[in-house]
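Notes follow the structure.
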Amino acid sequence: MNWKEDDNWKIVFPEKKIFIMKHHNWAFIAWDIAREKGWIKDNSTLFHVDQHLDAAIDGATVPEVLNKNGLKELSKITQNIYSNGSYVGTDNFIWAGFARKTIQNVIYVSPEDPNDDLFDTELQSLYLQDHLSQKRIEQFAGYHWRSMETFECSQKEKMNDIFTKGNTLILDLDLDFFAFKTETDSGHNSYILKDKEEIQRNLRVLKSMYVWDAITVAISPEDWHIGGPDNAEFVLNLFLEEFEVDLSQGRDWSTLEME
């Protein structure tokens, strides 16, 4: 089945260390697999480029999130749902990865306004005190850039260097980053793609920014994310072209565990 038909669709390109998935909740498992393969080290720095922050911290409180290992076991605790302390979902997978020490620092590139300070250690400690040590919680750090323009400026000023030097680096891209919300004449929200040239330029910038140790890509084809499967397919093809990936060569994630 292809990604339009299968909600659990996900493939990997080992030679490029690129994981592509239909829904973003699978990303924390991809990072775990990448760590097991030696592509990344513990406490990698994550560059999360997404229309949404996906910053719900209850990903760190999911039962057995610290005890499960491997694709089969970790798959049992993730679902394509929004924040739910019972499962790793599409908006709390970052904190699941932090709890598992696959990632530590996060550079958010997203236009979404956070409900709270993304790096409010005091607030996070109150919520997570029964799940993570105070020392671990205090290690969560990063920046929030609200556009590609501000992100590029931060790179030129070397502001992100504090979180990249000595760390392995993950690009975590949600293709809905390339859509924006607008309102129809009837007052309903719809999602429109950015100009093709802008998308291509952004993709080129992201590709060349670092020698990425791993890349995770979510398609997120829902109407309320990217504007539907046709928009998702259009942007996916642009990604494949810019990153020189042949979709037909993708492999099932489970094959990595057999090598």
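Every number in this text was worked out from the coordinates using simple rules, so none of it is lab data. No experiment lies behind these values; they were computed from the predicted model shown. Quick reminder, even Gly has a Cβ in these numbers, built from the backbone with ideal geometry, and neighbours come from all protein chains shown.
Return the Rg/Rh value of the stretch 109-246, two decimal places, where both radii are evaluated on C-alpha atoms and Rh is the Kirkwood radius. Rounded to two decimals, Rg over Rh is 1.01. Neighbour counts of C-beta atoms inside 10 Å place E36, E244 in the sequence E244, E36, starting with the fewest.
Taking all Cα pairs closer than 8 Å and separated by 6 or more residues, the relative contact order of the chain comes to 25 percent. The residues Y108, Y210, when put in order of fewest to most other Cβ atoms within 10 Å, stand as Y210, Y108. Label sites at W224 and V211, each approximated as a point 7 angstrom past Cα along Cα to Cβ, lie 4.3 nm apart.
Rounded to a whole number, what is D in µm²/s for the chain from Stokes-Einstein with the Kirkwood radius over alpha-carbon pairs (25 °C, 0.890 mPa s)?
Estimated diffusion coefficient is 133 µm²/s.
Comparing Cα centroids, the stretch 9-63 and the stretch 76-127 end up 12 angstrom apart. From helices alone, the chain scores -8000 deg cm²/dmol at 222 nm; the rule is -39500 (n - 2.57) for each run of n ≥ 4 DSSP H residues, then divide by the residue total. By how many nm would the segment from L126 to E149 lengthen if fully extended, with 0.36 nm per residue of separation less the alpha-carbon distance? Fully extending the segment from L126 to E149 adds 4.8 nm. Note on D6, D54: ascending count of other Cβ atoms within 10 Å places them as D6, D54, the fewest first.
Taking the charge dipole of the stretch 28-249 about its Cα centre, with +1 at Lys and Arg Cβ atoms and -1 at Asp and Glu Cβ atoms, the residue from T102, A141, A55 reaching farthest to the positive side is T102. Report the antiparallel proportion of the DSSP beta bridges in the stretch 28-249 as a percent, rounded to a multiple of 5. Within the stretch 28-249, antiparallel bridges account for around 20 percent of the total. The charge dipole of the chain, taken about its Cα centre with unit charges on the Cβ of Lys, Arg, Asp and Glu (plus for the first two, minus for the last two), comes to roughly 980 debye.
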